[in-house]
Each structure stands twice: as structure tokens, then as C-alpha cells.
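Here's the structure we're looking at; comments come further down.
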Amino acid sequence: MFAKQFFKEVFVPPYETKEFLKQCYVIGYKSLPLVAITGFIMGLVLTLQSRPTLVKFGAESWLPGMVALSLIREIAPVITALICAGKISSGIGAELGSMKVTEQIDAMEVSAINPYNYLVVTRILACTLMVPILVFFADAIGIIGGYVGINIHGDVNFYRYLTQILQSLEFLDLIPATVKTFFFGFFIGMIGCYKGFNASNGTESVGKAANSAVVTASLTIFIIDMVAVQITDLFF
Amino acid sequence: MIKEKDNIEKDKVSKTKKQEPIIVIKDLHKTFGKDNKVLQGVNLTVNKGEDLVILGRSGSGKSVTIKCIVGLIEPDKGEIKVFDENVLNLTKPELNEIRVRIGFLFQSGALYDSMSVRENLAFTLKKHNRDLTPEEVESEVMEALDNVGLSDAIEKMPSELSGGMQKRIGLARTLILKPEIILYDEPTTGLDTITSREISELILDIKHKRKTTSIIITHDMACAKLTADRIMVLKDGVIHAEGTYEELEKDEDEWVRSFFQ
């Protein structure tokens, strides 16, 4: 019902453009440092952990391509989405839950302002748009982390490193990885809004809404990922 | 003070002359869960320009009644007519047209805590008057704040305001849409005696300046005495007693009289 209402309201004016842009700033821009640090560590650690095995098989030259593929196809989307579930979904759950228990949502409703349109539609749209952008950002920073990782044990030119990555990547690698991030974003926003919007009265329910939003969103991300991998296997 | 009492008397006289029902509730029932019967057949009428105070113990269904009027709670059974429209049969857009004409002051003030006082007021106004210029919005905001005597607080955030100030700002936000009916949900609860008195006087002042009709839910007898044209006492989900403050103060029922002691 809650998701159905989203699709019903998203195309109906008034369009809350200002609130949508504000949410894009809060969800996207303010998550950049966290995503950057995580992305860098992912790239660095993945490189350092994979290198000894590849060296054993004399396949060290495959390291840039393998790191980039792993990051772009799986690790960066899933880890970034999990971070967003922790930061954004819980934030939305707590914010809307708090608004619910302090009757701010009711205040909008009695003022004939559609709280669903203003609070929920804008947040879900912002999440759906911002999570893929954050994943691209994490991919890029992760690749830089990989470059640093490779250079701890060797001396590889950045241009050569990038060339190796681009040679091992195909356009089709990007499509399923990107498509699933839109779903991640949509469900992160939807679950956070649903939990917050349906918080029962009492301050305790705000914490419960935030906690439940993180758990449900994280689990949903894994389920979407599993389904996405199966579909990718079938069609790509 | 004498002038204030004169005004009250004048209002009471004028009310007896013309009785134009603006809110009519018939046989209102609401049960929460399986057997928590909160309203069990509430009947009430509020006339134009009248201030009706509803008294009752906590959990007796006072707030539920006024929330049913604005469609925040859907009753199980009954009829609610506001401006001659049965609000229970209205579509969402039709209900919103009625809601714009009704102001609702929440117990907590319910200010949007991510917005400043200016934004709280301007937000509500701009949603309904998209053609207003920024200057016009600012002027309306200042006027509403002047009405509650808090124009200095315009830049503050709700967290920087005291409980009394939050309720005043909540009232200013309600007033900015120029409602014909105002529903007050425990406007003086949690406030000290002086601030409660100020809020009660503000309610009275708004009534005189704007000729509004009000339902005031309160436990504060000083507020009831000052603002009520008529008082209804809610017990066991029905209206148990009705009359003016003076009448109910001397009611035969000891339970009713206990509110006034």
C-alpha cells in the first residue's frame, strides 16, 4: 500500500522540487566523505588481499582488472548500499518517526499539506538518484585505493594501471551493476520512510523505527543483489 | 479585565440571539483495538462564533473527538458536519478544502523542528498561496507573529523556544491561513500559571479580533472559565453534562462539580 501510494503520488503535482534538491544534498553530498573513506579502504584491502594469490599463479598483471571488476560489479554497490542503509535509511526512519510522534506529520495533514508527497516522495526519489551516484563515486575512489595498494609492493604507473582496468572492463559489466543500485536506492528510501511514517506513538518507537529501517534495508539489499546476480547470469 | 468580562458577556448575549451551527456531531463512535471504546455516541453542536470547552478525564476521548473533526482519526460510526459538509463522506481534496478553513493547535505546538519560526509559518502559507511574492509572505508572517506577540522570535529554531512560545508560534502558524474554526488541543497543558493565563487571553483575543469559532480541550479550569461560552463534560465516551461555567459549577452531579473545585 505504502509503495503503491508512492507511484500514485510521484507524478501528481505539486512537485516538491526544493525539498527534493535539499534531500539530494543531505543524502548525496553529506554521504560523500563516508563513501569516499569506505571506497578507498575497499580498493586498498581488496588489492592487498588478492595480490599474494595472484602472485602465486604468476598472474599479478591481472590485479588491476580483477580489483576493478570486483569493485564495480559487486563490492562497491553492495558495501555502499549497506553504508547508505545504515546512514540514510536509519536517518530517514528516525526523522520521520520523530515527526510522527511529535505530531508534526499530523500538523501538515490538518494544514491540508500532503505529508506523503512532501516527506516521502522527495526522500525516496532522492535516494533512488543519489545511491547510484554514490556507488560511481565509491567505484572511482576504490580504484584509486587499488592503485595505492598495488604501489605498496611495486611501482605501477597510474596511466598503465587505468589502461589495464579499461581493457578488462566491458560496457556490459556496468549495466547490471548500475541498474541494481537504483533498486538499492529506492528500497533504502522506501524502507526508511515506511518505518518512520508508521512509528507508533512514543519516543521509544523512534529508536525502533531507525533500527528496524537499517535491519530491513540491509536484508533487502542482499536479497536484491541475489536476484540481480541471477538475472545477470541469465541475460548477460 | 473589566473590559474583557464585558466582551465575554456581549459575546454570550449575541450567541443566544443567533444560533448558526457550524460543527454538528451525531452519534460518534470510536473503538481502538478490540474493546477500548473511547467514544460511544458523542453528540455535540458548536454554533458560529462560539467557544466550546470540552472537559473530561484523561483518556475520555476529548482529543479523539476533535481529531475526528479534521479527519485525522476515522470514526467507526456517526456523522460529523462542518460547514454543512459531512466530512466523513468527502474525498481527500474536498476534505483539504475544509481543513484550510479549520485551524488546529496541537498540545505540543507541533512545530516543524527542521525549520525556523519564519519557515514554519511561511511553509504553511506558501503551500496554499503559491502566487504570493516573498514580500507578501514576509508581511503575512510578521502579522501572524505580531498577533501572538512573538515577532522577535522569527529567526529562532523551535528547539530554542520555551513551551509557551512554541504554543504561541503554533497558534501563529494556525492563524496564518485565517481559519474560521480553531480547535485547541490542551493549549495550556504543561505551562506555568502566568503563561497559561497569557495563552487563554490570546485565545480570547483571537476570538474577538477574528470572530472565530473554537473548540478548546482543556483540564485548566482557569482557561475554561476565561474562554468558554459553553462547556461540555465527556464521560464514558458520551457527553455527560453541558452548560455554562457558572451552571456546571453548581451542577447536581458531584462528579461534574469536582472539575470546578
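The values are calculated or read from the model by the stated rules, or taken from the named source; none is laboratory data. Just so we're clear, the structure is a prediction, and the values are computed from it rather than from any experiment. Using ideal geometry, Cβ is built from the backbone for each residue, glycine included, and neighbour counts are taken over all protein chains shown.
Key figures for this structure:
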item	result
Among (1) modelled with pLDDT of 90 or more; (2) within 13 Å of chain A (Cβ to nearest Cβ) - the single one B:Leu175 does not satisfy	(1)
Within region B:147-164, considering residues that are away from chain A (no Cβ under 14 Å) and part of a helix (DSSP H, G or I), the one surrounded by the most Cβ atoms within 10 Å (Cβ to Cβ)	B:Ala153
Matching residues, region B:38-72, being crowded, with 18+ Cβ neighbours inside 10 Å, touching a Lys or Arg at 6+ places or on another chain (Cβ under 8 Å) and not in a strand (DSSP E or B)	B:Gly49, B:Glu50, B:Ser60, B:Gly61, B:Val64, B:Cys68, B:Val70, B:Gly71
Subset of region B:122-139 (residues that are of a type in the set (A, V, I, L, M, F, W, C) and within 11 Å of chain A (Cβ to nearest Cβ))	B:Phe123, B:Leu125
Hey, A:Gly86 more than 13 Å from every other protein chain (Cβ to nearest Cβ), part of a helix (DSSP H, G or I) and over 14 Å from A:Gly196 (Cβ atoms) or not	yes
Verdict on A:Leu129 being more than 10 Å from chain B (Cβ to nearest Cβ), in contact (Cβ under 8 Å) with a residue 24 or more places away in the chain and touching an Asp or Glu at 6+ places or on another chain (Cβ under 9 Å)	no
Selection count where residues are assigned to a helix (DSSP H, G or I), closer than 18 Å to A:Arg73 by Cα and in contact with a Gly (Cβ under 8 Å, 6 or more places away or on another chain), scope region A:148-192	4
Exclusive hit being surrounded by fewer than 21 Cβ atoms within 10 Å (Cβ to Cβ) and either more than 26 Å from A:Gln5 (Cα to Cα) or within 14 Å of chain B (Cβ to nearest Cβ) (or both), set A:Val148, A:Val135	A:Val148
Pairs where the first residue, in region B:21-41, is farther than 12 Å from B:Asp76 by Cβ and touching a residue at least 40 places away in the same chain (Cβ under 8 Å) and the second is of a type in the set (Phe, Trp, Tyr) and not in a strand (DSSP E or B), C-beta under 9 Å, 6+ apart	B:Ile22/B:Phe83; B:Ile23/B:Phe83
Unique match (being over 30 Å from B:His29 (Cβ atoms), of a type in the set (A, V, I, L, M, F, W, C) and touching a residue at least 24 places away in the same chain (Cβ under 8 Å)) among B:Leu183, B:Leu161, B:Leu234	B:Leu161
Test result for B:Glu119, without any contact (Cβ under 8 Å) to a residue 24 or more places away in the chain, part of a helix (DSSP H, G or I), within 12 Å of chain A (Cβ to nearest Cβ) and within 14 Å of B:Thr174 (Cα to Cα)	yes
Residues within region A:51-69 that are over 16 Å from A:Arg160 (Cβ atoms) and either touching a helix residue (DSSP H, G or I) at 6+ places or on another chain (Cβ under 6 Å) or not small (Gly, Ala, Ser) (or both), tallied	8
Checking B:Ala144 against (1) part of a helix (DSSP H, G or I); (2) in contact (Cβ under 8 Å) with a residue 24 or more places away in the chain; (3) in contact with a Phe, Trp or Tyr (Cβ under 8 Å, 6 or more places away or on another chain), the condition it does not meet	(3)
In region A:212-236, residue surrounded by the fewest Cβ atoms within 10 Å (Cβ to Cβ) [restricted to those that are of a type in the set (Ser, Thr, Tyr) and closer than 22 Å to A:Gly196 by Cα]	A:Ser218
B:Leu132 being surrounded by fewer than 21 Cβ atoms within 10 Å (Cβ to Cβ) and either within 29 Å of B:Ser60 (Cα to Cα) or in contact with a Cys (Cβ under 8 Å, 6 or more places away or on another chain) (or both)	no
Exclusive hit being on the phi > 0 side of the Ramachandran plot, in contact (Cβ under 8 Å) with a residue 40 or more places away in the chain and crowded, with 17+ Cβ neighbours inside 10 Å, set B:Ala172, B:Ala110	B:Ala110
Residues of region A:119-163 satisfying the condition of being touching a Cys at 6+ places or on another chain (Cβ under 6 Å) and charged (D, E, K, R)	A:Arg123
Residues that are surrounded by 19 or more Cβ atoms within 10 Å (Cβ to Cβ) and either hydroxyl-bearing (Ser, Thr, Tyr) or in a helix (DSSP H, G or I) (or both), drawn from region A:193-209	A:Cys193, A:Tyr194, A:Lys195, A:Gly196, A:Phe197, A:Ser205, A:Val206, A:Ala209
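So that you can scan it fast, the table gives a plain yes or no per residue for (1) facing another protein chain (nearest Cβ under 9 Å); (2) more than 20 Å from A:Glu103 (Cα to Cα):
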{"position": "B:Gly71", "(1), (2)": "yes, no"}
{"position": "B:Glu97", "(1), (2)": "yes, yes"}
{"position": "B:Asp113", "(1), (2)": "yes, no"}
{"position": "B:Val141", "(1), (2)": "no, yes"}
